[in-house]
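> Below is the structure I would like to discuss, written out as structure tokens.
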Amino acid sequence: MGFFITFDFMLRRKTFQLVMNMFPPLFFNRIILKEVSEDYSYMKVKIRKSILNMNFHRSIFGGTIFSAFDPYFPTMYYNIFAQKNRKLEIWMKSANIKYKRPATTHLFLEFKISKEDILLAEKELNEKGKHEKWHKVEAINKKGIVCAEAEMLVYLRDNKVEAKIGF
């Protein structure tokens, strides 16, 4: 479960955006990374309603919506720490999703990591070698109505710190 980051390098922002948009599980579900902030602490995603992701009720499949929640927080943390020359293992450890109403139009999702989140992660990584953080995101339709919301637990581990403290 989740999206495990294995890049040993950091892509430039626009190249990263292109790679994410061409990644087959996202591409064929019509999940588009529309915006990436300079520091990778914000990403805006759009799920285009399409014949490729519609169910018999003409709404977007729940699996497509869940796929749009999955990869972004781990990739954001990866790139934030890569800018600090710190290589971490990062993955989505757990997720809870609530489908609130059928998604009959395109959906929009915004992923944000605050400066406080980053500082807390750095503190725990330095002290314990690992950090877990729950994040919440909503999938909102064209009318501004929340169609789904998810809580995701992101796991970060610094193997170098863990080795020093005896794990």
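The values are calculated or read from the model by the stated rules, or taken from the named source; none is laboratory data. It should be emphasised that the depicted structure is a prediction, and the values quoted were computed from it without experimental measurement. Note that we place each Cβ from the backbone using ideal geometry, even for glycine, and neighbour counts take in every protein chain shown.
> Might you check whether a residue that is among the hydroxyl-bearing types (Ser, Thr, Tyr) and in a helix (DSSP H, G or I) occurs anywhere in region 83-95?
No - not one qualifying residue is present in region 83-95.
> Related question: Got a sec? Which of THR15, THR64 is at pLDDT 95 or above and farther than 16 Å from HIS135 by Cβ?
THR64 is the lone residue from the list that is at pLDDT 95 or above and farther than 16 Å from HIS135 by Cβ.
> Return yes when GLY166 is surrounded by 15 or more Cβ atoms within 10 Å (Cβ to Cβ), at pLDDT below 95 and more than 20 Å from the chain's Cα centre (by Cα) and no when it is not.
So GLY166 does not fit the description; no.
> Also, quick follow-up: Within the set of pairs 6 or more residues apart or between chains, which connect a residue that is closer than 15 Å to ARG157 by Cβ and modelled with pLDDT of 95 or more inside region 116-137 to a residue that is small (Gly, Ala, Ser) and not in a strand (DSSP E or B) with Cβ atoms less than 6 Å apart?
Once the first residue is closer than 15 Å to ARG157 by Cβ and modelled with pLDDT of 95 or more and sits in region 116-137, its partners that are small (Gly, Ala, Ser) and not in a strand (DSSP E or B) give HIS131/ALA121.
> A follow-up question, please. Output the qualifying pairs, or none if there are none: Cβ atoms under 9 angstrom, residues six or more apart or on different chains, first residue in region 86-101 and among the charged types (D, E, K, R), second residue surrounded by fewer than 15 Cβ atoms within 10 Å (Cβ to Cβ) and assigned to a strand (DSSP E or B).
LYS93/GLU132; LYS98/GLU151; LYS100/VAL146; ARG101/VAL146
> Hey, another quick one. Quick check on my filter: what residues within region 33-82 are in contact with a His (Cβ under 8 Å, 6 or more places away or on another chain) and more than 29 Å from ASN126 (Cβ to Cβ)?
Selection gives LYS46, ILE47, ARG48, LYS49.
> Restricting region 62-82 to residues that are over 13 Å from the mean Cα position of the chain (by Cα) and closer than 17 Å to ILE140 by Cβ, which is surrounded by the most Cβ atoms within 10 Å (Cβ to Cβ)?
If we take residues in region 62-82 being over 13 Å from the mean Cα position of the chain (by Cα) and closer than 17 Å to ILE140 by Cβ, then THR64 is surrounded by the most Cβ atoms within 10 Å (Cβ to Cβ).
> Hey, another quick one. Of the residues that make up region 60-76, is at least one under 23 Å from GLU151 (Cα atoms), in a strand (DSSP E or B) and not charged (D, E, K, R)?
yes
> Among what's in region 38-58 and is buried (at least 19 other Cβ atoms within 10 Å of the Cβ) and part of a loop (DSSP other than H, G, I, E, B), pick the residue that is modelled with the lowest pLDDT.
Per the stated criteria, the residue is ASN53.
> Report, ordered by the first and then the second residue, all pairs with beta carbons closer than 9 Å, sequence separation of six or more or different chains, a first member in region 142-153 that is free of Cβ contacts under 8 Å to residues at least 60 places away in the same chain and part of a loop (DSSP other than H, G, I, E, B), and a second member that is buried (at least 17 other Cβ atoms within 10 Å of the Cβ) and among the aliphatic types (A, V, I, L, M).
LYS142/LEU107
> Confirm whether LYS98 is exposed (fewer than 13 other Cβ atoms within 10 Å of the Cβ), closer than 17 Å to MET152 by Cα and either among the β-branched types (Val, Ile, Thr) or modelled with pLDDT of 95 or more (or both).
Yes.
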